[in-house]
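Below: the structure, in structure tokens.
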Amino acid sequence: MSGGASKGGFRWHPVARLFDAEGEQRPVASTASVMAERPSALALAAALGSPVFRIGGDGPAPEPGAEPLVETLTSGSTGTPRRIRRSHASWIASFEVNAARFGIGPGARVAVLGRLVHSLSLYGAVEGMHLGAEVHLLDSLRPDRQRLALGERKISHLYATPAQLRLLVDHPGAVCPDLRLILVGGSKLDAALRAAARTLAPAARIVEFYGAAETSFITLADDATPEGSVGKVYPGVALDLRQGQIWVKSPYLFEAYAGAPGGAVWQDGWLSVGEIGRLEDGWLYLMGRAGRMVTVADQNVFPEEIEGLLVAMPGIRQAAVLARPDARRGMVLIAVVQGDPAQEAAVMAALRATLGPLKAPKALIWRQDWPTVASGKTDLAGIERETSWPN
């Protein structure tokens, strides 16, 4: 074996190989408890020899525990990212599921697009190394260079968020015929983006997973999943809806927040991050986070549902729905969007027809740039700060 963590923790598989953005192979590095996130290949190599570690993020070094531990960060889309503490075993349990279900192991070539400070990218990279794949870290490349690297390096498995995938397909280039699986997490993949991904990798199976940094996998969705659903439960997950709130129990859950507390709640071994949903014939549908729910004219409204409607409409690439106080309705919604302003009249008409005049956003605010956090998710807190409200 080339290296590895302490017994029971992440390991550097004997046949695993690690490549940086330039395509250079990286060897095992010395161990450390906190690594700078870049160069990412050196950070990952050091992490794989450390029983307790964190890549990037602020705060003190992780404190050792009774078993190997890793600290990761929440996405921070609605505020400051929080450090979370989880056992290596909580990820290794899902590595074993994914090895069997997705063929991740010796012979596979795995790529991650995001920075390792984000838990999705770190997960994909550690999983590949632990299972014996080639792992390619492409976070420092521009999207057009990432797309080129996927093809030239014959990548077979790709971990990406919808935002990262959108940047790839926005840069025309050669197809990636060797890409067999695109694993998408972080937010819902809209139908238009799923179709565009087919032009990137015609032979790839596209699988979405719903979860959170605190929960890891909860459900999986693929081409057989009904429109709007996030799929059925991931192997080993128990799901319970209590007055619409999603609670899960599984071997994949985190242990606790490290430092500032977060929004997840434990109850008798079950965990909830405050998301609301419904089950239909075993398929899970998300409505949104309880913390983002607003009341408009005595109706409970989840901004995430409206954001999903918006990004499925022609001319809309990105959307964030914000609320402000209103004397008549209690709250009123405004949609900040990126796309083609010429479509505004059609978009507003479609929103009113679907949602009704009270729940539909009062106005659209168009912007050319789109702020994101390290995870690739929309920076909702940043958009809120920067938005000038219409009269």
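Brief remarks on what is shown
- Residue satisfying all of: in the range 12-45; basic (Lys, Arg) and over 19 Å from GLU71 (Cβ atoms); farthest from the chain's Cα centre (by Cα) among these: ARG26
- Here ALA43 passes the criteria (1) modelled with pLDDT of 90 or more; (2) over 27 Å from LEU148 (Cα atoms); (3) among the small types (Gly, Ala, Ser) except the one numbered (2).
- In the range 67-94, the residues that are hydrophobic (A, V, I, L, M, F, W, C) and more than 20 Å from ILE55 (Cα to Cα): ALA93
- Considering the range 111-129, the residues that are touching a residue at least 60 places away in the same chain (Cβ under 8 Å) and assigned to a helix (DSSP H, G or I) include one that is nearest to ALA160 (Cα to Cα), namely LEU120.
- Taken over the range 324-383, residues that are free of Cβ contacts under 8 Å to residues at least 12 places away in the same chain and among the small types (Gly, Ala, Ser) amount to 6.
- Contact map, the range 135-164: residues that are of a type in the set (S, T, N, Q) and buried (at least 22 other Cβ atoms within 10 Å of the Cβ) paired with residues that are in a strand (DSSP E or B) and modelled with pLDDT under 95, Cβ distance under 8 Å, separation 6+ or inter-chain. Pairs shown: THR161/GLY185.
- Scanning the range 264-290 for residues being more than 25 Å from ALA221 (Cα to Cα) and among the small types (Gly, Ala, Ser) gives a total of 1.
- Complete set of residues in the range 349-388 that are modelled with pLDDT of 90 or more, of a type in the set (Gly, Ala, Ser), surrounded by 14 or more Cβ atoms within 10 Å (Cβ to Cβ) and assigned to a loop (DSSP other than H, G, I, E, B): ALA360
The values are calculated or read from the model by the stated rules, or taken from the named source; none is laboratory data. Everything quoted here is computed from the prediction, not taken from an experiment. As a convention, Cβ positions derive from the backbone with ideal geometry for all residues, glycine included, and neighbour counts pool all protein chains shown.
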